[in-house]
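Worksheet for the structure shown next.
The values are calculated or read from the model by the stated rules, or taken from the named source; none is laboratory data. Note that this is a predicted model, so its numbers are computed, not measured. Virtual Cβ from ideal backbone geometry, glycine too; neighbours counted across all protein chains shown.
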Amino acid sequence: MNPSQTSTSLFSRLRFVLVGTSHPGNIGAAARALKTMGFSQLVLVNPRFPDAVHHEEAIAFASGAQDILAAARVVGTIEEALEGCNFAAALSARLREFSPPVVTPRALAAQLCADAGLDAALVFGSERYGLPNDIIERCNVLINIPANPDYSSLNLAQAVQLLAYEARVAETGGAVPQTPVGFQGEAAKLAQIEGMYAHLEQALVAIDFLDPGNPKKLMPRLKRLFSRTGLETEEVNILRGIARQILQKLGRN
Ligand code: SAH
């Protein structure tokens, strides 16, 4: 099932609130950030351009996420933006003397996933001023993205992207389509593998690579090497073919 379809999934319980955004491009890029991570709720509090969602730059930066941009809710106050929420996290590059508890994006994402009763908002500040104290103080936690202490202020849309990513990884368990590893063909039977080792050993003795009087740890090491590979029947047959050819060339078969 698509996780965004379940009502308790974080995809339907998390909104992204941008306060006083100056650059429409950042609003578009934020819409794209949300969509790439499977989120959809974007709320704009007093953007510098009231019609920012139709701004040329916003549209350009949103790219394929026009639907998220067009559906963004534009409101005049933080109260309206947080309506229906029972949890809010303020995003700030700067730590303050008086602030809610400071939490990392990852820890926050884990908390939001673990508690399906939370209808949460992530609140981001403006490019120039960040978030005002009165908004930070009304939030449950302050999220600080760990960054270079000498330059810790991320671009707004990139901060949005990072939070959306952490929330997605927490919600989906980081599941990504895997390239197939392990067996692609028929797994070799253990007896086939033993037969191949015996054949290989004969060939290695025949070319004087393995001294039967002083074998050291050659065969155990080779067995350990092959044991890590997940041998398939066809591969065992290839290795036996090589051994057979060596013995044939030397007239030992
Ligand atoms: N000049 C502002 C920073 C603006 S960056 C200031 O000094 O506060 C725009 C927004 O991106 C910030 O308000 C914050 O919500 C988010 N952001 C950027 N870097 C961040 C960081 N390291 N941790 C948390 N939020 C960050």
Single match in GLY64, GLY28, GLY38 (criterion: under 24 Å from GLY174 (Cα atoms) and assigned to a helix (DSSP H, G or I)):
GLY64
Checked GLU171, GLU194 against criteria (within 23 Å of SER9 (Cα to Cα), more than 9 Å from the ligand (Cβ to nearest atom) and part of a helix (DSSP H, G or I)); the one match is GLU171
Quick one: what pairs do we get from the range 145-157, first residue within 18 Å of LEU122 (Cβ to Cβ), second in a loop (DSSP other than H, G, I, E, B) and within 6 Å of the ligand (Cβ to nearest atom), C-beta under 6 Å, 6+ apart or different chains?
SER152/ALA93; SER153/ALA93; LEU156/GLU127
Hits in the range 115-130 - residues which are within 16 Å of the ligand (Cβ to nearest atom), of a type outside the set (Phe, Trp, Tyr) and either assigned to a loop (DSSP other than H, G, I, E, B) or free of Cβ contacts under 8 Å to residues at least 60 places away in the same chain (or both)
GLY125, GLU127, ARG128, GLY130
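Residues checked against (1) at pLDDT below 95; (2) within 22 Å of the chain's Cα centre (by Cα); (3) surrounded by 15 or more Cβ atoms within 10 Å (Cβ to Cβ):
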position: ALA109; (1), (2), (3): no, yes, yes
position: LEU112; (1), (2), (3): no, yes, yes
position: ALA121; (1), (2), (3): no, yes, yes
position: GLY125; (1), (2), (3): no, no, yes
position: PRO132; (1), (2), (3): no, no, no
position: ILE135; (1), (2), (3): no, no, yes
position: VAL141; (1), (2), (3): no, no, yes
position: ASN144; (1), (2), (3): no, yes, yes
position: SER152; (1), (2), (3): no, yes, no
Looking at the range 71-95, which of the residues that are loosely packed, with under 15 Cβ neighbours inside 10 Å and within 16 Å of the ligand (Cβ to nearest atom) is nearest to ARG32 (Cα to Cα)?
ARG94
Would you confirm whether or not the range 102-114 contains a residue that is of a type in the set (A, V, I, L, M), within 13 Å of the ligand (Cβ to nearest atom) and closer than 16 Å to VAL17 by Cβ?
yes
Options GLU166, GLU201, GLU235; residue that is surrounded by 13 or more Cβ atoms within 10 Å (Cβ to Cβ), in a helix (DSSP H, G or I) and touching a Pro at 6+ places or on another chain (Cβ under 6 Å)
GLU166
Please list, ordered by first then second residue, the pairs with beta carbon atoms under 8 Å, 6 or more apart or interchain, first in the range 197-216 and farther than 16 Å from VAL236 by Cα, second among the basic types (Lys, Arg) and modelled with pLDDT under 95.
ALA206/ARG252
Just give me the residues in the range 218-239 being of a type in the set (A, V, I, L, M) and modelled with pLDDT of 90 or more, in sequence order.
LEU218, VAL236, ILE238, LEU239
In the set ARG94, ARG32, ARG48, ARG73, the lone residue that is touching a residue at least 24 places away in the same chain (Cβ under 8 Å) and closer than 16 Å to ALA167 by Cβ is ARG32
